């Protein structure tokens, strides 16, 4: 006699979001699946850090913006206290700065709240299994940045400054005015302004204070790493070291891109199957509406059968209909209809509706149940 298969332990999930309604919605969504177990939740960074350290979840879903800090900072700090936890940013924000800050913090996934629920649940499973997942729109942005090359790298921007531009910013960092810089470097004040404007454009900053802060921050890093190769060669190409760094980074992003593309394809397939399931159920309910009371009574109490022929052309034999009858008394039959099919994520999908048929003069009137 074969032993029953051991039940897989649910994935322990911790939620961090400052919107109570989001926490309630996520809790209900995850609680509806046997795959997940909510071990705690928090509405701010401090409580989230304490809760994650105490519960040691498998996956932590973290909002990007919290009242007392950022989701990226929370993930970075919580990894120290809970190294086995996989961290996921779940947010409404999809901009380059937020995405790359989160990736720099070492998160394992970046998902959007507007993604459909099936995609979200499957992404959490994938991340719990050790994979990294980016929402498709996030992947598009990341790949776009990769395609732009390394032009936006801070050290590259710093090295793009001319010697005179660097000298001017260094003077300004010492508190000198444009006029004082002009006198010190034997330039006109207008020339200093032009050099400074060019330098700010190269550093991609909008204010002289930002230019000084950028210069001071990354100059030390550049001096500490004299062998740094974030520099375009004289012939316009890139050094071998930079090329290898680019290949490694592209490999990391490509792995995430493949997961995201696959996730997007499977989500689209599930959405299409759900629409087909709804149409099949409506067809079955309409067919029951045409039956007389006697024909309803003669139906089998429980029966399963394939979808009607017109649906099989598009769906094959993947959809199975299960019909169950019960007697509610007083001449009323309750009919439950379920459609089951294999989901694109490997799980079994189901959609159902119930209706009632009465034996009185309105024996074909129906009360439709809620599709689920």
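Listing for the model above:
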| quantity | calculated |
| --- | --- |
| Close pairs from the stretch 287-303: first within 13 Å of residue 327 (Cα to Cα), partner surrounded by 11 or more Cβ atoms within 10 Å (Cβ to Cβ), Cβ under 6 Å, at least 6 apart | 293/359; 293/363; 296/333; 296/357; 299/325; 301/325; 302/324 |
| Answer from 23, 74 - the residue that is at pLDDT below 90, farther than 15 Å from residue 127 by Cα and either over 19 Å from the mean Cα position of the chain (by Cα) or not in a strand (DSSP E or B) (or both) | 23 |
| Residues within the stretch 108-135 that are without any contact (Cβ under 8 Å) to a residue 60 or more places away in the chain and touching a helix residue (DSSP H, G or I) at 6+ places or on another chain (Cβ under 6 Å), tallied | 4 |
| The stretch 203-215 residues that are assigned by TED's automatic domain parsing to the domain that holds residue 193, paired with ones that are assigned to a loop (DSSP other than H, G, I, E, B) (beta carbon under 9 Å, 6 or more apart) | 203/160; 203/161; 204/152; 211/205; 213/205; 214/204; 214/205; 215/161 |
| Residue in the stretch 337-353 that is over 41 Å from the mean Cα position of the chain (by Cα), surrounded by 12 or more Cβ atoms within 10 Å (Cβ to Cβ) and modelled with pLDDT under 80 present | no |
| Residue within the stretch 93-110 that is assigned to a strand (DSSP E or B) and buried (at least 18 other Cβ atoms within 10 Å of the Cβ) present | yes |
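For every residue, the table says whether it meets (1) surrounded by 18 or more Cβ atoms within 10 Å (Cβ to Cβ); (2) at pLDDT below 85.
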{"position": "142", "(1), (2)": "yes, yes"}
{"position": "145", "(1), (2)": "no, yes"}
{"position": "149", "(1), (2)": "no, yes"}
{"position": "168", "(1), (2)": "yes, no"}
{"position": "197", "(1), (2)": "no, no"}
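Conditions (1) at pLDDT 80 or above; (2) under 34 Å from the mean Cα position of the chain (by Cα); (3) part of a helix (DSSP H, G or I); (4) within 27 Å of residue 118 (Cα to Cα), marked per residue:
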site	(1), (2), (3), (4)
273	no, yes, yes, yes
279	yes, yes, yes, yes
284	yes, no, yes, yes
296	yes, no, yes, no
300	yes, no, no, no
304	yes, no, no, yes
312	no, yes, yes, yes
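The values are calculated or read from the model by the stated rules, or taken from the named source; none is laboratory data. All values reported here derive from a predicted model rather than from experimental measurement. Note that each Cβ is placed from the backbone with ideal geometry, even for glycine, and that neighbours are counted across all protein chains shown.
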